Every structure is written in structure tokens, then in C-alpha cells.
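The values are calculated or read from the model by the stated rules, or taken from the named source; none is laboratory data. Because the structure is predicted, anything quoted here is derived from the model rather than measured. Glycine gets a Cβ as well: all are built from the backbone with ideal geometry, and neighbour counts include every protein chain shown.
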Amino acid sequence: MSRGRALRHFLGDPSAVAGATILSLFVAGAIFAPLIAPQNPYDLGILSLADSLKPPIWMEGGEAPFLLGTDEQGRDVLSTILYGCRTSLTVAFGVVLVAGTFGMVMGLLAGFYGGFIDAVVMRLADVFYSFSTTLMAILVLGLLKQKGVLVLVLAISLTDWVRYARTLRGAVLAIKEEDYINAARAVGAESHRIILRHVLPNAVPPLLVVAAVDFGVVIMLEATLSFLGVGLPVTEPSLGMMISIGRKYVYAGKWWLIVFPGIALTAIVVGINLVADWLREEINPRIQKAVKGP
Amino acid sequence: MGAYIVRRIGQGLLVLLAVSFICFVIFQYMGDPAWALAGRYATPKQLEMVRQKLGLDKPFYVQYLIFLKNALRGNFGMSFVSRLPAMQVILERLPATLELALMAMLIAVTFGVGLGVLVSVSPHSPVSRLIMAGSLLGISVPTFLTGILLIMIFAVELRLLPPFGRGEVVRLFGNWRTGFLTWNGIKHLILPALTLSTYQLAVLLRLTRAGMMEILGEEYIKTAWAKGLPQRSVLFKHALRNALIPVVTMIGLQFGELIAFSIVTETVFQWPGMGNLLLSAIFESDQPVIVTYITFVSIVILSLNLLVDILYVFINPKIRYV
């Protein structure tokens, strides 16, 4: 897959472009939150209960500068969403980095050397996979009774690495049989050189798809854990926690406390999933053939 | 096949042993196990008796063996909160969770596979595009949000369906109370079951579509069309049968996910099931209930995985286990 062709395919796929646009908007919003948010929702000095539960600005009772209304403590909903996206994206990047690196190393070792290490990694992968990252994270965090971004990243990565390990192992097993690997061996290249120079670069495309899908899954998982009360502490802005607070006001008709953070959460995940879909089809020529067929 | 099953059961038991060890560590070192067995309101004398009975003065491995022995009898101690045996507390909640999960699976498999086939036949029609957009939302909206939105629409705004609880239940046999037999019980089941099924439905739909589209491009399918076989036969007998293999794998692998999301769904709808119980147990540090839940769920997941592996053989005669 040449870079030029991939770019042309990308630009020719409206949903991939839309996904990437949505995603970059939210990433930019999250990075520049302190500059663009009307309020720092976690600066307790500026919050006033007099501003609590205000509806969005276009409704009766809405007030500037609270564009999307305020929550029970008078926090600006839009600002909290921007700060919440910051946390969500940080956790997702953290997990992709930690779980991705560890999973890649384990997958490479298992696929390339086989034998005992392969057996252990694959058994662990089976067990973790069938117990599901969500279930394990709920149990681990619930029992630890520790909260924070780092704890969350580690608790999710504890089982999440097997996604990467499995994929990379499969790719390595396929690549190992290719002629160019035999050629490298024949000219006397050492194992670590073969892994780094020949195997890894060819195993990257399927890993990218896994990382993209995982990114979206982790964003939903962080929100879910924070919603359940085992994720982030109340001092960290989180979309999941906003919705959990908003849930208390469902019967009071304060819909903006749920709908706006809900839209933000869904939009980020839709964005990354659109990009992941494009990547998957770009990499798997068999599906493309079927799509273009009669 | 026989040897394969025996080996798989052996591996399953090994995993259970590891789970039991983790549970033992939770039990022994996160809270006083004597309290766990005697209950929160035990007298000092009762506590002393339990300590002796547990053999807390004995070496580590002896303590672990005693824990195993008790666990094998389903004895995980008393719940701190209800002061009833933890196993009994969990089993009382089992029917609610099982009915919810079964209903959700039924919805997810029927519509996931059905719509997946539909979409694969004419991938570019407007209906297919609409379904695919829906499935994208399905995998992008977290379960808890789906649940709350359904409550906002159908319970708060339209007042069509109840927002929480299980409604009227009828005692079937023993401790099994079912919500299937009353209209009120079924009305209570609709929203939670839809919530729990959404994500799985979308995943199965996308998987079925991808598998079908790959297979519909194969030569033997072209041959089947060329022979003039009816569409129903080509799609379901020739194509779907092969496309189903990854789908069945996914269903098998998703039981853990289903259990995890049932915790979320039960919390949103205050559904009186095991997941709801687990979350309260976590917040109340009710160690015996947590440990029982983990053990119970592990056994369920491992058995179901084995069952799915055996099912494979019936779907695809090409698979032979050695």
C-alpha cells in the first residue's frame, strides 16, 4: 500500500474524511480547552450556586455565557465537556500506548519464537479475552478502591494488551513464512534484526486497525467506569460522570445535562470508528473486491 | 474430539484454580475473613470460634486448601450486609439476570444476523446504508447512555414503558421468579433488554455483513448462482453457513462482555439482578459476595466457551479437533 494511493483513497471516502474531521475538532477542543472554554469548571472559586441548573442559552431562563446550560453546581456544561474530552482522550492515548507497546512485544515474542512463551501468552490472551476488558476493569477498580487517570490506564491495560498481542502474533506467523524472511535468514541476519527490520514494518497495518478500534472502545469504557463510580474521582472532569450526575435530573426535565455530553462522547467514538472502517477496508483487499463486484 | 474436550476442561479447571487463588487473596487480605464468615454483628466469642475453625494460625498453603474446600461446597461465607450466605444471595438474583441476558441475546442474534445478511445482498441500497449508519451508532454509543436515552424517551417523555425495576414476577419453581408471565413483567423487560442488546446487535451485524460479503465473492457462490439455485438456498445454505463461523466465535467470546454490560444495564434500570448486586457489594466492601460473584461468573464463562467450541463442529464439519 503506497502512501500516495492511501491518501487518494482516504480523500475519496467521504465518511473517512468526516470521521477524521470530527475527531480532529474534538482533539483540538480538548487540547485548547483552557483557552477556549468560557469557564474553568474545576476552579471552585468562580462557581456559584445561583447559576445552577440553567437551561441552554436559546431556551427561556438561559443566560450568557452558559451556551449549553449549567449543572447542579453551576458549572458551565460546554466547558465541562471540553475538559471532560481532555480526560477521555488522555486515558485513551495512555491505554493505546501502554497496552499497545506491551501487547506488541508479547505478540512479537510469541509469534517469532513460539514454544513456551507462545503457549503462555495465548492462554492468557484467551482467558483475558473471554472475561472481557470491561468486566475485569470493573472488578479490579472496584476492589482496588483507588481512583485516578493513571490507575484507570493501568487497570484497562492489564487485560487490553491481549488485543494487540493476538493481532501481531497472527501477522508475524503469516510473515514468517514469506520468502523475504527466509532470504534474510539465508544471508545471516540475526533474529532481532529480522524482527525489527522485516517483520514489524509488515505487521503494522493490521495493528493500526486494532489501535483505532481500541481507542474508541477505551473512550466508551472510561465513560462507563466513571458513570458506575469506579473510574475517575469526582475531582477529574469526565463525560461519564457528567451523565451520571445528569441522570438524577432526568425526571425534572433537565435533558441538557445528558444530551450534550452524550453527543460529545458519541461523536468522538463515531469519528474514530469511521476512520477505523476506512483503514480496515484499505488493508483488506478481499473486502474491497467484494464491494466493487457485481 | 473426546481428548480435546478433556484437555479443554483441564485448562478450564486450571484457570478456575488461578481465579480461586486471587479470590483467596482478596478474601484473606482485604478485610478480616473471620468477620466475613461470622457476619458483621458477631460477638467476640463467635469470632474466636470462627478464627479457630478457619485455622488462621496455620501456614498459608493450609489456609488456601481450607478456602478451596469451602469453595467447592459453595461456602463463601456470609454477606456482610444481608447476613445471609453469599451463595444464596447471588443465586436469588440469578433469574433476573438470566432472563435479561437471554432476551438481549435473542434480540441481538436475530436482528444482528438477519440484518447483516440483508445488508450484504445489496450493500449500496438506501436501506442498507441506513442500517449501516445505525450499526455505526450501535457500536459507538456506550450501553449506559443508550439506557438513559431510552428512559428519557420512552419512560419520561412518552410514558409508554416503566423506567426501572422488574415489575410483577411470578414464582415458577423453588426460588425462580419470572417476569415473562405477566404483561407488567414483560413491559419492564423491554427497555433493559433493548439496551443490553444494542451493542452486541451492531457488532454481530457488522461481522455477518463482512463475512457474507467476503464469501459472496467466492467462486463456489458464483457456481451456485450459475447453477440457477434459488436465492434463499445460495444465501442461507451456501454463504451464511460459512459466514456464521466467525459470528459464532464472536457470540462465544462475548459472554464476558454480555455479563459486564449486564452490570451496567442493571445499574441504569435498577434491575434486581446479579450485576446490580455486585456493584452494591463493591461499594459496601461486601467481600464474600464479590468473591462468590467472581467465582460464579468464571464458571459460567468457561463452560459457555467450551460449549461454543463444541458447537463449531456441528456448524463446520471441516473442523476436526485432535
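The table for this structure:
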{"item": "B:L204 vs. criteria under 25 Å from A:V162 (Cα atoms) and either over 15 Å from the mean Cα position of the chain (by Cα) or not polar (S, T, N, Q) (or both)", "result": "yes"}
{"item": "Hey, B:E266 part of a helix (DSSP H, G or I), at the interface with chain A (Cβ under 9 Å from one of its Cβ atoms) and touching a Ser or Thr at 6+ places or on another chain (Cβ under 8 Å) or not", "result": "no"}
{"item": "Sole exception among (1) modelled with pLDDT of 85 or more; (2) within 24 Å of B:I294 (Cα to Cα); (3) not small (G, A, S) for B:W176, by number", "result": "(1)"}
{"item": "Residues that are hydrophobic (A, V, I, L, M, F, W, C) and without any contact (Cβ under 8 Å) to a residue 60 or more places away in the chain, drawn from segment A:53-67", "result": "A:I57, A:W58, A:M59, A:A64, A:F66, A:L67"}
{"item": "Test result for B:M132, outside any loop (DSSP other than H, G, I, E, B) and farther than 29 Å from A:V217 by Cβ", "result": "no"}
{"item": "Among (1) surrounded by fewer than 22 Cβ atoms within 10 Å (Cβ to Cβ); (2) modelled with pLDDT of 85 or more; (3) part of a helix (DSSP H, G or I) - the single one B:I290 does not satisfy", "result": "(1)"}
{"item": "Matching option when the condition is of a type outside the set (D, E) and in contact (Cβ under 8 Å) with a residue 40 or more places away in the chain, among A:A20, A:A28, A:A50", "result": "A:A20"}
{"item": "Count of residues meeting criterion [in contact with a Phe, Trp or Tyr (Cβ under 7 Å, 6 or more places away or on another chain) and assigned to a loop (DSSP other than H, G, I, E, B)] in segment B:164-197", "result": "2"}
{"item": "Qualifying positions in segment A:227-268 - more than 7 Å from every other protein chain (Cβ to nearest Cβ), under 18 Å from A:L82 (Cα atoms) and more than 19 Å from the chain's Cα centre (by Cα)", "result": "A:P233, A:V234, A:T235, A:S244, A:I245, A:G246, A:W256, A:L257, A:V259, A:F260"}
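Per-residue answers, yes or no, for (1) farther than 18 Å from B:L194 by Cβ; (2) within 14 Å of chain A (Cβ to nearest Cβ); (3) touching a helix residue (DSSP H, G or I) at 6+ places or on another chain (Cβ under 9 Å):
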residue	(1), (2), (3)
B:P59	yes, no, no
B:Q63	yes, no, yes
B:F76	yes, no, yes
B:F80	yes, no, yes
B:R83	yes, no, no
B:L94	yes, no, yes
B:P123	yes, yes, yes
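This table checks each residue for (1) at pLDDT 80 or above; (2) farther than 21 Å from B:I5 by Cα; (3) surrounded by fewer than 19 Cβ atoms within 10 Å (Cβ to Cβ).
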residue	(1), (2), (3)
B:T265	yes, yes, no
B:L277	yes, yes, no
B:E284	yes, yes, yes
B:V300	yes, no, yes
B:N305	yes, no, no
B:L311	no, no, yes
B:I319	no, no, yes
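Listed here are the residues, each with its yes/no results for (1) within 26 Å of B:L94 (Cα to Cα); (2) within 13 Å of chain A (Cβ to nearest Cβ); (3) free of Cβ contacts under 8 Å to residues at least 40 places away in the same chain.
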residue: B:F180; (1), (2), (3): yes, no, no
residue: B:Q200; (1), (2), (3): yes, yes, no
residue: B:R209; (1), (2), (3): no, yes, no
residue: B:M213; (1), (2), (3): no, yes, no
residue: B:I221; (1), (2), (3): no, yes, yes
